[in-house]
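S.K.: Have a look at the structure that comes next, please.
The values are calculated or read from the model by the stated rules, or taken from the named source; none is laboratory data. Remember, it's a predicted structure, so these values are computed and weren't measured experimentally. Note that each Cβ is placed from the backbone with ideal geometry, even for glycine, and that neighbours are counted across all protein chains shown. Just so you know, the surface numbers come from the protein's heavy atoms only, side chains and all, with ligands and any DNA or RNA stripped out. Shrake-Rupley method; radii C 1.70, N 1.55, O 1.52, S 1.80 Å.
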Amino acid sequence: MSGIPRSWKPRFKRLVAMERSELSDRVRQYVKARVDALRYRLGLEFPDDVNVAPGHRQPRFFFAPASVSSLCSLLKERFPEQASEIVRRAEQISRHRFDLLGYDHLDYGVQIDWHLDRVHIKRAPRKFWFNIHYLDFEETGDSKITWELNRHQHFVILAKAYRLTGDGKFAREIFNQWQHWHAENPYPVGINWASSLEVAFRSLSWIWTYFLLADSPAMLPGFRDEWLRALSINGRHIENYLSTYFSPNTHLLGEAVALFFIGTVCPEIGAADRWKQRGWQIIQEQASRQVLSDGLHFEQSTYYHVYALDLFLHAAVLASINDVPIPPEFDRRLEKMLDALCLLGRAGMPPRLGDDDGGRLFDPGRNRGEHLVDPLATGAVLFGRGDFKSVAGELREETLWLLGEQGASEFGRLPAEPPKSNSVALPAAGLYLMAFGDGKHQLIIDAGPQGAATAGHGHADALSITVNSGGRPLLIDPGTCEYVASERNIFRGTRSHNTLVIDNADQAEPKGPFAWTKLPTVKADGWISGSSFDLFAGSHDGYCRLASPVIHRRWVFSLKSEFWLVRDLAEGRGEHRLDLFWHFNPELSPDAGSPDTFLDAGGLAGMRIIAWGDGWSREFARTWWSPAYGIKKPAPVLHLSRMATLPAECVTLVIPLVRGNLQPGELTRFEPQSASESVCRYSYSTAEKEHGVIFAVGRPWSSGGWSGDAEFFYWRRNRGGAPWSIIMCNGTYLELAGERLFSCSRPVLRCEIIRTSEKMHILCSDNEALTVNDSLRNLWEDFEIVSDGVSKSEKVTG
């Protein structure tokens, strides 16, 4: 390869690695694009393949054009504020002021420049789409901003405003912009043909707009023919340039959905049946490929999970309306995706793990974190799920348009049911959800891969955690901000997440805006969910690429109803800089009387962060978070740091605070009393209780009067009293002051001893291995052994 120019070496390697099918497809696309460019230069028309003669099957959309008036009446009745907002937005759009992604009131002037990134005042060049470097900020600015305008989703807003008000100016604005856009974007010139996904989104907007206007006086004579020819060009482009190898994720899925829609509702197009079949086939294939076994989307991004879910939902509803058979497996995967979203959102808005695309399929204005549960309203009706309804909270406008008046009525009749309140492991995605308080408090641990393939939409957030409590976020993922320019790597970097940073490095190395190299291997080394607790242990090797390699290990212990304890251990040799970040909800601020306490404006709810670490400095500072693409706002962060000779650890207590539990507490680490005491022991004490935790680093062990061989041990007692609860994980015995309390013939995953009133409950994962010793009667006399919901009462005798 010595004779190959340096700039071509990566391309050459990529070509050599391609399979024959991919190479053939890329060559075909390359040739096709140049032939189309030649056709344009010669002034030849592009074939539209449209036959407008009568006799075609009648297409069915989500709603019949004749029903739009009654749906608008229902919209005004059920969503009066939203109906007014639609009209307000339409007035603004008519003045060419657009809300795009997180940017509000962008003024595009009298004549819209469809090639302009209005935020950065950068105009994409007017050349053939395949020659435009749309990820080059200097050439095009942020192409997402340009493309968001050219998705024409604002046409749908204008069409709804016309049907709500009868004011013809909104419909006239649509047709004026339609004509102007086509004049300014001749195929195949310009950035607005450079992404097949963007052509797909624009096609879907045109379809929605047509069916909203079709049965109205505003519809222009002959417009359907013009509309069909435009969609024929779009469908041809999408089919020729499918992202089968370029971006086989939501790009390919969105393109397939557009092909399916065009093929279904435009039977006059000669290729309609082929597009309908091919689109539906790809949708089924991508449901199997992109949706993990536990229902999460493989991009490791909450926003992309919802993005894909929207696409699958809309396609499924349209298929059902048009009598397209829906495979049972597709239905199951769709419900699993909804299940996963329900779990992520049961304690408040789902954390925005990974990239936030900023766009939405139905309404681009619903792109904040609180809108991520929108699909659950439609899912509640489709699957008869009261828990989906409970988390969604109320009907959505989207459900009204997709499922009609009958769907809205079904939602109203469906009884709401509380979502699952238990802790849940989603191992395929690597997410571990620790919940308590009937699911009102939830901590989520991200221990999955960084993302699919080169993790283009994943963040360097291995072992990061987020916390929701009482319907609001406490510890947050700060979001995405942008896809190009300087903020990209900051927001997706490790420092922007609630995890440990070693030597100021990210856990992986960014390679362009949508790829990473040297991805970490992230492991969930243990997950135990008991009656009164959860325990997670995980690790990653992202810092083994350093000159002096480091492994980050993290344990999270949840004492249900009270707190989470997080233990971070950096394993390695030599001296390293360690930084640990806790990013807070911007609504929280430090309490003047307690540096560990962070409260809301009312001062009655929030969280307490109590950290122990030998030699760690503590700084409360301001950083940034991004509530939507393009927005950057200040947010508080607690930053712990030190230079340390490894191994080194830090333990953090995370305590959700609600009215009445604001009493202070102290976290203490007990130093080993001898070389033989090979454990890490911590105590958390309040005025009423003492909690003790032991992480064992060798077996057997003895500390503070306790002895055993468990890898993890917890006890709790009231001040001056006997232990009220004991938890042992991965051990065979436990002793107190030399007296054996119980033993097991083989290691058990968990054994819990919990006192309530005058009775003690023993919950063991392996009752057959358990032997309760007489010494327990010094603590309690009556007890019952519980396993798998079946209990038997026993009495300890001396």
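S.K.: Residue 292 - would you say it is under 30 Å from residue 522 (Cβ atoms) and open to solvent by 30 Å² or more (accessible area, probe 1.4 Å)?
M.R.: yes
Residues checked against (1) under 25 Å from residue 561 (Cβ atoms); (2) not hydrophobic (A, V, I, L, M, F, W, C):
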{"position": "707", "(1), (2)": "no, yes"}
{"position": "717", "(1), (2)": "yes, yes"}
{"position": "739", "(1), (2)": "no, yes"}
{"position": "748", "(1), (2)": "yes, no"}
{"position": "751", "(1), (2)": "yes, no"}
{"position": "759", "(1), (2)": "yes, yes"}
{"position": "765", "(1), (2)": "yes, yes"}
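To keep it simple, each residue is scored yes or no on (1) surrounded by 18 or more Cβ atoms within 10 Å (Cβ to Cβ); (2) part of a loop (DSSP other than H, G, I, E, B); (3) not basic (Lys, Arg).
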residue: 561; (1), (2), (3): no, yes, yes
residue: 578; (1), (2), (3): yes, no, yes
residue: 598; (1), (2), (3): yes, no, yes
residue: 601; (1), (2), (3): no, yes, yes
residue: 614; (1), (2), (3): no, yes, yes
residue: 622; (1), (2), (3): no, no, no
residue: 635; (1), (2), (3): yes, no, yes
residue: 642; (1), (2), (3): no, no, no
residue: 650; (1), (2), (3): yes, no, yes
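S.K.: Can you name every residue in segment 390-399 that is crowded, with 24+ Cβ neighbours inside 10 Å and either of a type in the set (Asp, Glu) or in contact (Cβ under 8 Å) with a residue 24 or more places away in the chain (or both)?
M.R.: Residue satisfying the conditions is 391 alone.
S.K.: Would you confirm whether any residue within segment 216-234 is in contact with a strand residue (DSSP E or B) (Cβ under 6 Å, 6 or more places away or on another chain), open to solvent by 10 Å² or more (accessible area, probe 1.4 Å) and farther than 25 Å from residue 30 by Cβ?
M.R.: yes
S.K.: Condition (residue is open to solvent by 10 Å² or more (accessible area, probe 1.4 Å), of a type outside the set (Phe, Trp, Tyr) and modelled with pLDDT of 90 or more) applied to segment 670-678: is it met by at least one residue?
M.R.: No: segment 670-678 contains no residue that is open to solvent by 10 Å² or more (accessible area, probe 1.4 Å), of a type outside the set (Phe, Trp, Tyr) and modelled with pLDDT of 90 or more.
S.K.: When residues of segment 334-357 are filtered for being closer than 29 Å to residue 206 by Cβ and more than 12 Å from the chain's Cα centre (by Cα), how many remain?
M.R.: Total meeting the criteria: 2.
S.K.: Taking segment 344-368 as the search range and keeping residues that are in contact with a helix residue (DSSP H, G or I) (Cβ under 9 Å, 6 or more places away or on another chain) and of a type in the set (A, V, I, L, M, F, W, C), which one is nearest to residue 298 (Cα to Cα)?
M.R.: 353
S.K.: How many residues, within segment 63-83, are assigned to a loop (DSSP other than H, G, I, E, B), under 33 Å from the mean Cα position of the chain (by Cα) and more than 15 Å from residue 395 (Cβ to Cβ)?
M.R.: So the answer is 1.
S.K.: Still on this structure: Which of the residues belonging to segment 289-317 are in a helix (DSSP H, G or I), more than 17 Å from residue 255 (Cβ to Cβ) and hydroxyl-bearing (Ser, Thr, Tyr)?
M.R.: Listed by number, the residues that qualify are 302, 303.
S.K.: Are there any strands (runs of 3 or more DSSP E) wholly within segment 455-506 with 1 or more residues that are modelled with pLDDT under 95 and under 28 Å from residue 608 (Cβ atoms), and if so which?
M.R.: 465-469, 472-475
S.K.: Write out, first by first residue and then by second, each pair whose Cβ atoms fall under 7 Å of each other, whose residues are 6+ apart or on separate chains, and whose first residue, in segment 461-484, is at positive phi while the second is in a loop (DSSP other than H, G, I, E, B) and hydroxyl-bearing (Ser, Thr, Tyr).
M.R.: These pairs meet every condition: 463/499; 479/626; 481/626.
S.K.: For residues that are over 16 Å from residue 158 (Cβ atoms) and out of contact with any helix residue (DSSP H, G or I) (no Cβ under 8 Å at 6 or more places or on another chain), scanning just segment 82-105, find the one that is surrounded by the fewest Cβ atoms within 10 Å (Cβ to Cβ).
M.R.: Only one residue fits best here, namely 104.
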